[in-house]
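Presented below is the structure to which this report refers.
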Amino acid sequence: MPSNVLQIGETDPRRVAILTGAVEVFARYGYRRTSMEDIARGVGVSRAALYLHYRNKPDIFRSLVMVHFEVSIGRVAQALQPGLAPEQALAAVFEAKVGPETAILFDSPHGEELLDANFAVAADVVEQGEARIRALLRAWLQSEADAGRITLAPYGGNADALAETIVAALSGLKSSASGYDALCAAFNRMAQLFGRGLRA
């Protein structure tokens with residue numbers, strides 16, 4: 001597994017180890033088939049030790065989704081630099097939103113099930129995270145339009161609606177991707193499509 005799976009604000013090394021190991025286990029077995037015993041074995045701790053840190057499997061999965069959004073929101077904020085060509089900025093945002101640490105999940109034979117689990121187990125976390133990303137994108141679009149570097153005219157002049165459309169399109173691509181590389185290629189195509197429309 002890539003060493004950058006959990007670049008997070010979590011400071012407890014045991015919790016980091018559990019979450020990092022859980023990613024591998026979920027990728028191997030899928031959400032439904034994974035048990036707390038599997039996660040404990042994958043991390044190399046006892047079930048009792050695992051329960052000292054997490055209540056159950058949904059608690060671990062929700063923590064992973066929270067970690068993902070914590071990291072991706074920070075990366076998106078850094079990617080949205082003033083003055084970048086719109087295609088370049090959007091490509092950076094799309095890459096930042098998903099991140100290389102998710103490759104193990106998208107390339108898993110259980111990728112679709114794991115995406116479904118996002119909404120079944122952590123719908124509120126996903127909704128809040130997506131809302132924060134939309135807000136960052138909306139603010140960048142409006143700021144760049146106000147500075148005359150892009151135009152929102154092809155999109156009705158509405159930065160809010162465009163940000164919502166872009167984030168929804170990203171979610172749609174994620175659900176239909178055949179793997180991480182295919183997803184990145186689709187993201188690049190979409191960045192070009194939206195970016196060209198934004199050119200002033």
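Some observations on this one:
- Of the helices (runs of 4 or more DSSP H) lying entirely inside the range 4-111, those containing at least 3 residues that are at pLDDT 95 or above and under 21 Å from Ala123 (Cβ atoms) span 13-33, 57-79.
- Annotation: of all residues in the range 146-155 being open to solvent by 30 Å² or more (accessible area, probe 1.4 Å) and not charged (D, E, K, R), the one that is nearest to Gln78 (Cα to Cα) is Ala147.
- When restricted to residues that are under 13 Å from Pro58 (Cα atoms) and either surrounded by fewer than 16 Cβ atoms within 10 Å (Cβ to Cβ) or more than 13 Å from the chain's Cα centre (by Cα) (or both), the range 93-115 contains 0.
- Residue that is farthest from Arg62 (Cα to Cα) [pool: residues in the range 120-138 that are surrounded by 15 or more Cβ atoms within 10 Å (Cβ to Cβ) and not charged (D, E, K, R)]: Leu137
- Tabulated pairs, the range 63-87, first of a type in the set (Asp, Glu), second part of a helix (DSSP H, G or I) and open to solvent by less than 50 Å² (accessible area, probe 1.4 Å), C-beta under 9 angstrom, 6+ apart or interchain: Glu70/Gly129; Glu87/Ala191; Glu87/Phe194; Glu87/Gly195; Glu87/Leu198
The values are calculated or read from the model by the stated rules, or taken from the named source; none is laboratory data. Note that the coordinates shown come from a computational prediction; the quantities given were computed from them, not determined experimentally. Glycine gets a Cβ as well: all are built from the backbone with ideal geometry, and neighbour counts include every protein chain shown. These accessible areas exclude ligands, DNA and RNA; they are computed on the full protein's heavy atoms, side chains included. Shrake-Rupley method; radii C 1.70, N 1.55, O 1.52, S 1.80 Å.
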